[in-house]
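Data first, discussion second: the structure below is written as structure tokens.
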Amino acid sequence: MGKLAGRSVISIDDLTNEEIYQLFELADSMETNESTFNRSGTGRIAATLFYEPSTRTRLSFEAAMQRLGGGVISTWDMNASSAVKGESLPDTIRVVASYSDVIILRHPWEGAAQIAGEYASVPVINAGDGGHEHPTQTLGDLYTLHKQHGNLRGLKVALCGDLQHGRTVHSLAFALARFGADVVFVPGENKNIPTYVLHRLERDFGATITEKGLGILSALFGQRDDDENTPEVNAIYMTPTKPNQLALFPQEGAKMDFRISASESLSIYVTRRQVEREEKGSKASSGYPRITGETLKLRPFKNISILHPLPRVDELAPEVDKDPRGLYFRQAANGYKIRMALLHSVLGLDSEEKQNSVIGYSRPAKEPIYIGNDFKCVNSLCVANKLSEFAHNRFEIFRSQNYVLRCLYCDHESEPPFVGNIESHIYYPTHFLDRFRPFVKVTNLRFFTSAQEAQAAGFRPMSASPAEEPTLEDTKTLNDGSWIHAIHSS
Ligand code: NCD
């Protein structure tokens, strides 16, 4: 595990599949050889900074640190900290880093853990950043699935409930795509998985996304699969593009319903409605997935396993607790074990690991990158909007229907309608980049959300001087790859 020493874990992407398997092994061996590990963290200090409520995540990290022989510093309530006096997160982080060896942060702003990682001189672990990611919950979820099924490749997992704001679901979907699982997204009404998550699954992990009928999963809404009253919910199916599993969708492209064969097992991961992230005045939705004793009696659910990150509200009826298919309390216990393995690894508690420390987080990203400066992320909860003086606005640029800028703090996507060239001070509709991109360096681009904004910044519309930019004829043969090539070779 030497490679993890000194590293921050902000996204589940910060860990490779191999590192995740190594954490499983370490967690297993910690369980069987407890005495070997229970002094390994003596003299080390973890700081837990929780700007949002927590039971499991906070207490499991604190218990894990104490089991390793280390200590914990914390503020019980961030409303009793200098945050209420107006101290910025980067300032708090820099100070707390000087008292501790690792910081575990939960915060309502999306990308908060990343900005903390950029400013901290010790590793930062993301314990949940708004509705964005929750990588250590995912480690516990994967560890539970791995213990139950022995393998993650080819596993069928239905992610159900509040897929819009459920950060645990987002991190878990990214990981399951990487491990080659088949995922079915079953949202509550109006709780769909965000487009930015689906784009990331397609672009970064090569997943195939299709829409299918709920089929047997209608039972989660208390309906039979042939019932006309099935709620208006679209199930989105994700399959790893390359590996196998075609059997699940034999007629690719045709509208099909979800089915599983008698020999297959399905893991159903249920989440609660994230009321605290909803806009004020949002109505409670009537169609929300729920598992009851009745659901468990249905034949297709004979081999399911049921997971939930907890806390539950009413998505799991209490009678499910007695059923061996319910794994959620075990899952919470596994979360504690895997966090102990993660702390042990990040702190480099084997002496030789300490030399590898990489402090100061920098998110890996695909070129081309747009350095945003005054371009704002569309997400009002993005840390880059909340802490604009501290953030280093960066966006990945990619071509979908139009050019898209993906915020490298919160992953939300913007499609700015205009772009200008800072050398010519000419701006044009963004899709014109198809023509011009071989001739402009990405560092010379400036994106605008309106023509007025471009003009206020001193840019002229292209029509005023068409001769200054290359024509379509010059560029007909270019494709996406050549843009990137052109930027690097220019
Ligand atoms: C989750 C969270 O905080 O995102 N809880 C947890 O960490 N176990 C899920 C939730 O609050 O619904």
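What follows is calculated from the coordinates using simple rules that are stated; it is not laboratory data. Remember, predicted model here, so these are calculated numbers, not experimental data. Virtual Cβ from ideal backbone geometry, glycine too; neighbours counted across all protein chains shown.
Can you pull out the chymotrypsin sites (Phe, Trp or Tyr not before Pro) in region 1-81 that DSSP calls coil and that have at most 15 other Cβ atoms within 10 Å?
Details: sites: Tyr21, Phe24, Phe37, Phe50, Tyr51, Phe61, Trp76; in loops: Tyr51, Trp76.
Here the chymotrypsin sites (Phe, Trp or Tyr not before Pro) that fit, given the DSSP loop and packing criteria, are Trp76.
When the chain is fully extended, how far beyond the present Cα-Cα distance does Phe439 get from Ala262, taking 0.36 nm per residue of separation?
Values: separation 177, 0.36 × 177 = 63.72 nm, distance 5.79 nm.
Extra length available between Phe439 and Ala262 comes to 57.9 nm.
If you count the DSSP beta bridges with both ends in the chain, what percent of them are antiparallel, to the nearest 5? Before the final figure, lay out each step's value.
Working: 28 of 62 bridges.
Within the chain, antiparallel bridges account for around 45 percent of the total.
Which Cys residues of the chain have no other Cys beta carbon under 4.7 Å away?
Cys160
Between Asn303 and Lys366, what FRET efficiency follows from the Cβ-Cβ distance if R0 is 41 Å, with the result rounded to 0.05? Don't skip to the answer; put the middle values down first.
On the way: r = 39 Å, r/R0 = 0.95.
FRET efficiency, Asn303 to Lys366: 0.60.
Provide the gained length on full extension for the span Phe398 to Ser29, in nm with one decimal, where the gain is 0.36 nm per separating residue minus the Cα-Cα distance.
Values: separation 369, 0.36 × 369 = 132.84 nm, distance 4.32 nm.
Extra length from Phe398 to Ser29 when fully extended: 128.5 nm.
Determine the dipole magnitude for region 88-146: charges of +1 sit on the beta-carbon of Lys and Arg, -1 on that of Asp and Glu, nothing else is charged, the reference point is the Cα centre, and the result goes in debye to the nearest 20. The partial results should precede the final answer.
Values: 2 positive and 7 negative charges, 25 e Å.
Dipole magnitude for region 88-146 comes out near 120 debye.
Once the piece of chain linking Glu415 and Glu18 is laid out straight, how much longer is it, given 0.36 nm per residue of separation minus the C-alpha distance between them? Walk me through the intermediate numbers first.
Details: separation 397, 0.36 × 397 = 142.92 nm, distance 3.54 nm.
Taking 0.36 nm per residue and subtracting the Cα distance, the gain is 139.4 nm.
Any idea how far the Cα center of region 70-133 sits from the one of region 343-412, in Å?
Region 70-133 and region 343-412 have Cα centres separated by 16 Å.
With unit charges on the beta carbons (Lys and Arg positive, Asp and Glu negative) and the dipole taken about the Cα centre of region 56-125, which residue among Ala113, Gln66, Ala80 sits farthest to the positive side?
Checked the options; the winner is Gln66.
If you place +1 on the Cβ of every Lys and Arg, -1 on the Cβ of every Asp and Glu, and leave all else neutral, what size is the dipole of the chain about its Cα centre, to the nearest 20 Debye?
Details: 52 positive and 60 negative charges, 134 e Å.
That gives a dipole near 640 debye.
Go through Val442, Leu155, Phe398 and say which Cα lies farthest out towards the positive end of the charge dipole of the chain; charges sit on Cβ, +1 for Lys and Arg, -1 for Asp and Glu.
Going by the Cα projections, it comes out as Leu155.
Which percent, to the nearest 5, of DSSP beta bridges fully inside region 40-177 are antiparallel? Please list the in-between numbers first.
Values: 1 of 14 bridges.
Given both bridge residues lie in region 40-177, the antiparallel proportion sits at roughly 5 percent.
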